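Asker: Please see the structure below; I have some questions.
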Amino acid sequence: TICKDLLKKNDKWKYSISATTRPMRSNEINGKDYHFYSKEKFEHKEKFGEFIECEWVHGNRYGTLIEPLEDAISGGDVLLLDVDVKGAMNLIEEFEDDVVSIFIEPPGINVQEQLESLNDRLINGGDYSETLIKQRLKRFELELSYKEKFNFSYINENLGETTKTINEIIKENIK
């Protein structure tokens, strides 16, 4: 949601569409929300080095295709990526000085409140099974342990304010 809002405000920015092996949800479009691949096709692309990073997340594979990154770099474009913390660490390591990394936390003044907020968001988001929600909540503390490795972190209390602040952070830090 934040990336979509940022793209509306900055028509020259681009978005890196992640690849996944998870099933497509009813409201998603292949090639717009994700590149949905079979496990075999994903493994083929991984084997032939088409991903800059890929990870197992909640029982499915997710990855960032290299080609859009290379295109953005050669064109001097701003490319937004929405990746998990392990994927972010791979990108930060690979592109060190060319990455503005931002860790976004759910609302709350402590971990318990943030877990409750995340739980509510996942339940209200609709398309999540109880098992997946439990997996996401269990992984939250692991994700928090990476926060200090990002250039910036921000608690998403208000979507409009969060988007505005992140927009400013990116503009101030792009080269």
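The values are calculated or read from the model by the stated rules, or taken from the named source; none is laboratory data. What you see is a predicted model, and the numbers here were worked out from it, not measured in a lab. No Cβ is skipped: glycine too gets one built from the backbone with ideal geometry, and neighbour counts run over all protein chains shown. Heavy atoms of the whole protein, side chains included, go into the accessibility calculation; ligands, DNA and RNA do not. Shrake-Rupley method; radii C 1.70, N 1.55, O 1.52, S 1.80 Å.
Asker: Taking segment 137-153, which residues are in a loop (DSSP other than H, G, I, E, B) and open to solvent by 60 Å² or more (accessible area, probe 1.4 Å)?
Answerer: Looking only at segment 137-153, we keep the residues that are in a loop (DSSP other than H, G, I, E, B), and these are 145-146, 150-151.
Listed by number, the residues that qualify are S145, N151.
Asker: Which members of segment 154-175 meet the condition of being open to solvent by less than 60 Å² (accessible area, probe 1.4 Å) and within 18 Å of E96 (Cβ to Cβ)?
Answerer: I169, I170
Asker: In addition: Residues of segment 96-118 being open to solvent by less than 50 Å² (accessible area, probe 1.4 Å) and touching a residue at least 24 places away in the same chain (Cβ under 8 Å), which ones?
Answerer: Just the residues of segment 96-118 that are open to solvent by less than 50 Å² (accessible area, probe 1.4 Å), to begin with: 99-103, 105-108, 114-115, 117-118.
Listed by number, the residues that qualify are V99, V100, S101, I102, F103, E105, P106, P107, G108, Q114, L115.
Asker: Just to be sure before I move on: is E28 more than 17 Å from the chain's Cα centre (by Cα) and of a type outside the set (S, T, Y) in the structure I sent?
Answerer: On the way: more than 17 Å from the chain's Cα centre (by Cα): no; of a type outside the set (S, T, Y): yes.
Answer is no for this residue.
Asker: Something else about it: Please list, ordered by residue number, the helices (runs of 4 or more DSSP H) wholly in segment 1-91 having 3 or more residues that are open to solvent by less than 50 Å² (accessible area, probe 1.4 Å), closer than 23 Å to L122 by Cα and touching a residue at least 60 places away in the same chain (Cβ under 8 Å). Spell out the reasoning first.
Answerer: Values: elements: 2-9, 39-47, 66-75.
Answer list for segment 1-91: 2-9.
Asker: Residue check, I123 against (1) surrounded by 17 or more Cβ atoms within 10 Å (Cβ to Cβ); (2) part of a helix (DSSP H, G or I), all met but one. Which one?
Answerer: The one condition I123 does not meet is (1).
Asker: Shifting gears a bit: Can you find even one residue in segment 105-115 that is out of contact with any Lys or Arg (no Cβ under 7 Å at 6 or more places or on another chain) and either at pLDDT 95 or above or of a type in the set (S, T, Y) (or both)?
Answerer: Residues of segment 105-115 out of contact with any Lys or Arg (no Cβ under 7 Å at 6 or more places or on another chain): 105, 107-115.
Adding the requirement that they be either at pLDDT 95 or above or of a type in the set (S, T, Y) (or both) leaves none.
No, segment 105-115 contains no residue that is out of contact with any Lys or Arg (no Cβ under 7 Å at 6 or more places or on another chain) and either at pLDDT 95 or above or of a type in the set (S, T, Y) (or both).
Asker: Sticking with this one: Considering only segment 41-85, state which residues are under 25 Å from S129 (Cα atoms) and modelled with pLDDT under 90.
Answerer: E55, W56, V57, H58, G59, D84
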